[in-house]
Structure formats: C-alpha cells, structure tokens
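Read through the structure below, which is laid out as structure tokens, and then see the notes.
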Amino acid sequence: MMKICGPSFGNMLTQAKPYLLTMGLQFGLAGTFIITKACLDHGMSRFVLNVYRNAIAAFVFAPFALIFERNVRPKMTISVFIQILALGFLEPVIDQSLTCLGMQYTSASFASAMMNSVPSLTFVLAVILRLERVELKDFRTQAKVIGTCVTLAGALLMTIYKGPQVNLFNDPNTPHQQDESQSHNGHKQWILGTLFLCLGCMAWSSFYILQSITVKRYPAELSLSSLICFAGALQSAVVALVADHHSRAWAIGLDYRLYGPLYAGIVSSGMAYYVQGLVMKTRGPVFVTSFNPLCMIIVAALGTFFLREQLYLGSVVGAITIAVGLYLVLWGKFKEYAVLTLSSTTKETKTQQLPTTSATHN
C-alpha cells in the first residue's frame, strides 16, 4: 500500500510545488508593500531604500550561490552579462523607483492592485516575442485573451476613476471631509501616482520576460538572483548619488531604515527572483504573474489595519475586475499545461514501448 501511495503523493507534491511557491511569494510581496509604504511615510528616501534593499539581497544570497551552485553554474558570456545588467536596471532601478514614487502619491493597497495588470502586460509581451502560443480557435487561448482584455479594462478603470470612499470598518479617526482645493490636489496626485505605477508595471513585465529568457541560458537561479541584485544595487547607487546626495539620507539605525530594506531585500528581491526563476523554467512568466490578486487582497487588509489606508470605490471595482480577468488567464494556462503534459507523457510512453515491441517481434 505504501508503495502505491508513495509515488502518487510525490506526483501530487511535484504538481503542487509551482502553486505553493508562487502563493508563498505573494505573501512575501504583500509584506514588502506595507513595509515600503511605512518607510516612505517616515521620510526615508526611495532611492536609498532601493540601494540598501538590493545590496542586502546580494550580500545574503551570494554565499549560498557560491556554495550550492559551484558545480552547475555555467560560464558567463557577454550576452548573458548584458542581460543581467538590463534585468538590474528594469526591476531594481526603474520598477522599484517608480512603484515607490507612485505609492507615495496613492497608497500601498492601490499600488498592489495596479500591479495586477502585470500578468496581462506580460502575456501581451510574451505573445509579441512568441513565448506564448495564440490559436484563436482554441478555447484555452480564448480564455487567456479575454482575461487579458478584462484585466486591462480593470486597470484602466482604476486609472481614470477614483470614486467615493469605502469605509469598511467605519473608523472614527478617518477623515471624511476635505475642502475643494485639497480634494482637487489629491485627485491630481492620485492620477500622477497612477501613471508612475503604470510605468512601473511595464518595467516589471519586461523584467519577467527577460528573466524567463535569461534563466534558460544561465540555469543557476541563486547565482542569477544574486547577480541581478548586485547589478541593481550598483545602478541604484549611481541614481541615488545624483538624486539624493545628502549624507543624512544614507543614515541607518535600528528602526524602519534597517528593517524595511532588510525585509524587502531578502524576501522581495533575492528570494523572489530565485523562486520566479525556478517556476519560470517549467511554467513560464505568465503563470508566475497570475497570482498577483492574492497579494492585492493581503495588502488591502494589512494596509487598512496597520496604515489606516482608505479604500475607494474605483479601486475596489477595478481590483475585482482585474481578479476576474487574471483567473481567466490562469485557467487557460492550467488547461494548456495539462494538455502539453499529457501529450509529453504519451510520447514518452510510446518511445519506451517501441524497443520492447521490436525485440519481441524479432
């Protein structure tokens, strides 16, 4: 009985591994949104935060990469080196900077909700670069295309419509009235923050696509993660020295200035890049980004409790729309992967049976 159940449980665990890893990643990313917003609210420079975040990630993960991947690490080529520099610029520099800037003008929950447009943008880029197959007559492709359109519609709704406040917990300390000038300025800042977040989403989607290509040419996930963080730290330092060169901005103490970069660096930079690389090798970039709605829900709950953030009707409706679209994409990807796995298994079975049949016949 144990022999029968053992392989079955092992197969189930192998099939569930990409889902468990990606879900765990979303919990980690949710904490980063909250901690980063708290750091920014306390006056920490977003440029310095990005430098420390990526430097810590490189410092923590580099020893593990040197030890565990010393026998499997491929030789560095010029093309892979250029790709690593580009990866370090796309996510650690552009995306993290623009996301922090957009979060300052909006909120952590809104920023996490906007990031849900990343899977659809990633799918569009993957189709353009022929990393995803598109057969419009196939129902799986139709689900992915419809889901992408619905997700983009939800992101557009969140961009152009803010709406009234949604008081989930009726907090008496939450301000309900603003004068006209404050409301107008707040609306302008909200639109500006949304635009920065949209640009950050584009950079993040491009990062996913390039990472999925690079990890196939450099299949050492820990080493690749460490190198991306190191490249991102160096490039972020150059930007920070130009944009915020005051010495007091670089000060670190036993407070949010240390805990924020430490958590974000280990969880959302080093560990996230490593997990993404593992899952992308088998499931591709679209699958990895399809779990973002989970992060949005966690951030919305934590942001309301810990940061006293206020939700708006446009954000709620847009987020629900995005979640529906994303799960259409995920459903299409699941069905597509099941068909490909069944086809691959059938071919392997026929290949293994062919010599046996031939030997019997002789």
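The values are calculated or read from the model by the stated rules, or taken from the named source; none is laboratory data. As the structure is a computational prediction, the values presented were derived from the model and not from experiment. Positions of Cβ are generated from backbone atoms using ideal geometry, with glycine treated the same way; all protein chains shown enter the neighbour counts. In case anyone asks, the SASA skips ligands and DNA or RNA and just uses the protein heavy atoms, side chains included. Shrake-Rupley method; radii C 1.70, N 1.55, O 1.52, S 1.80 Å.
Output the number of the condition that Met271 fails; it satisfies all remaining conditions of (1) open to solvent by less than 30 Å² (accessible area, probe 1.4 Å); (2) of a type in the set (A, V, I, L, M, F, W, C); (3) at pLDDT 70 or above.
(1) is the only condition that Met271 fails.
Filter segment 238-268 down to the residues that are among the hydrophobic types (A, V, I, L, M, F, W, C) and in a loop (DSSP other than H, G, I, E, B), then identify the one that is most open to solvent (accessible area, probe 1.4 Å). Working first, answer last.
Taking segment 238-268 as the starting set, the residues that turn out to be among the hydrophobic types (A, V, I, L, M, F, W, C) are 238-243, 249-252, 254, 258, 262, 264, 266-267.
Those still in the list that are in a loop (DSSP other than H, G, I, E, B) too: 251-252, 254.
Working: Ala251: 41, Ile252: 90, Leu254: 146 Å².
Out of the qualifying residues, it is Leu254.
Please state which one of Lys75, Lys17 is free of Cβ contacts under 8 Å to residues at least 24 places away in the same chain, part of a helix (DSSP H, G or I) and over 23 Å from Tyr259 (Cα atoms).
Being free of Cβ contacts under 8 Å to residues at least 24 places away in the same chain, part of a helix (DSSP H, G or I) and over 23 Å from Tyr259 (Cα atoms) holds for just one of Lys75, Lys17, which is Lys17.
Considering only segment 126-141, how many residues are surrounded by 15 or more Cβ atoms within 10 Å (Cβ to Cβ) and touching a residue at least 24 places away in the same chain (Cβ under 8 Å)?
Total meeting the criteria: 5.
Just to be sure I understand, how many residues within segment 69-91 are closer than 11 Å to Thr214 by Cα and open to solvent by less than 50 Å² (accessible area, probe 1.4 Å)? Working first, answer last.
Here is the first cut: in segment 69-91, the ones closer than 11 Å to Thr214 by Cα are 79-84, 86-87.
Within this subset, residues satisfying the condition of being open to solvent by less than 50 Å² (accessible area, probe 1.4 Å) are 79-80, 83-84, 86-87.
Residues meeting the conditions: 6.
Output yes when any residue across segment 291-300 is at pLDDT 70 or above and not in a helix (DSSP H, G or I), and no when none is.
yes
Taking the options Phe89, Phe110, Phe68, Phe123, name whichever one is touching a residue at least 12 places away in the same chain (Cβ under 8 Å), farther than 30 Å from Tyr161 by Cβ and under 22 Å from the mean Cα position of the chain (by Cα). Reasoning before the result, please.
Details: Phe110 fails: farther than 30 Å from Tyr161 by Cβ; Phe68 fails: under 22 Å from the mean Cα position of the chain (by Cα); Phe123 fails: farther than 30 Å from Tyr161 by Cβ.
Residue meeting the stated conditions: Phe89.
Please go through segment 135-150 and pick out each residue that is farther than 11 Å from Glu336 by Cα and in a loop (DSSP other than H, G, I, E, B).
Glu135, Leu136, Lys137 - these are the residues of segment 135-150 that are farther than 11 Å from Glu336 by Cα and in a loop (DSSP other than H, G, I, E, B).
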